[in-house]
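Student: Here you go, one structure.
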């Protein structure tokens, strides 16, 4: 209710975080922390499954490096050398689903995993014509598959790993990345890449461009989370929005304009879904990286790729608020000296990882000239 005239206007007495000038966060110290309260905490032994856009891989890498249980259900054969397993994207994702850019992709992945949807398009010919690729994971298998039997065998293993991840996870971290997508007109299948970019052939009679709005994205994410909760009632959700701009847009306009539209849609959808589910929390990784407080210091010279120091800042804030027993969590409520100590302890890691992080980003293949 409005304040009485004796106490002044309704903003009198509100916390400092609710005012621009008072919210704090000198970008030079890494203290910018826009998180208020969180709905739950995560123990170090709890199983965390990550999925979403390229930025989700940063979260996964951090969890692994810090000793948290990034739950991997799709592993390479024990006899496969580690370097080969890494090249084939094992360990990068909880299951080898590659990047899940849109909420509709997430819905369809779950439907495919549980036998509720079998797409018409089961395989694409690689761009060089020498192998087959999975239309829904076009870059997950370097060199593609020798034949349809190999592809389908790997897909069965993959979808079984997706089911295992859904059924065993304690926390699901999903990073929304895009609203633009390419679909199959025949059955509504959504691909992570346009046919012809990393396999297949574009056919305007079969394929159509879609740019999902906030209503569609909210409905899709809600549907996905409801389905997950039916299978795994205990799961908790963390939703983030990727701060990485679009690599390309099919809309007839500047790529930056399409980026701002896409991120606005995703941010609205994330807010609505988090407000409608229990134990579902929005985490502002997008806001940390893009804030004017940071003054674009977390982007590479291309203005798109996020530098390691930006990822580290995001993950320190995530750990501080969500993770019990995390090295970075000890900084909760601490002053600049405590945070500086944490930064010094991580400096050797930063020096080896500084620069751009190696991630699998399907979208980057759109503009590879």
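We did not get these values from a lab; they are worked out from the coordinates using the rules stated. A quick note: this is a predicted structure, and the numbers were derived from the prediction, not measured. Note that we place each Cβ from the backbone using ideal geometry, even for glycine, and neighbour counts take in every protein chain shown.
Student: May I ask for the distance between the Cα centers of the range 39-88 and the range 147-172, given as a whole number of Å?
Tutor: 15 Å
Student: Next question, about the same structure. Taking 7 Å along the Cα-to-C-beta vector as the label spot, tell me the residue 80-residue 21 distance in nanometres, rounded to one decimal.
Tutor: 5.8 nm
Student: Further question on the same structure: Which semi-axes, in whole Å and largest first, does the equivalent ellipsoid of the range 110-250 have when worked out from the alpha carbon gyration tensor as the square roots of 5 times its eigenvalues?
Tutor: 26, 21, 14
Student: Still on this structure, I have one more. Got a sec? How would 251, 37 order by Cβ neighbour count within 10 Å, fewest to most?
Tutor: Numbers: 251 14, 37 6.
Final ranking by Cβ density, sparse to dense: 37, 251.
Student: Now for a separate question. Using the 10 angstrom Cβ neighbour count as an exposure proxy, how do 45, 154 rank, fewest first? List each step's numbers first, then the result.
Tutor: Values: 45 10, 154 17.
Ranked by crowding around the Cβ, least crowded first: 45, 154.
Student: Going by C-beta contacts inside 10 Å, put 256, 182, 20 in order with the fewest on the left.
Tutor: Details: 256 12, 182 20, 20 7.
Taking fewest neighbouring Cβ atoms as first place, the list is 20, 256, 182.
Student: Another question, then. How do the peptides 171-181, 142-152, 282-292, 208-218 rank, highest first, by the average count of neighbouring beta carbon atoms within 10 Å per residue?
Tutor: Values: 171-181: 25.4, 142-152: 14.2, 282-292: 20.8, 208-218: 16.6.
By packing density, highest mean first, the sequence is 171-181, 282-292, 208-218, 142-152.
Student: Using a Förster radius of 45 Å, what is the FRET efficiency between residue 153 and residue 208 based on their Cβ-Cβ separation? Nearest 0.05, please. Before the final figure, lay out each step's value.
Tutor: Values: r = 31 Å, r/R0 = 0.68.
Efficiency for this residue pair is about 0.90.
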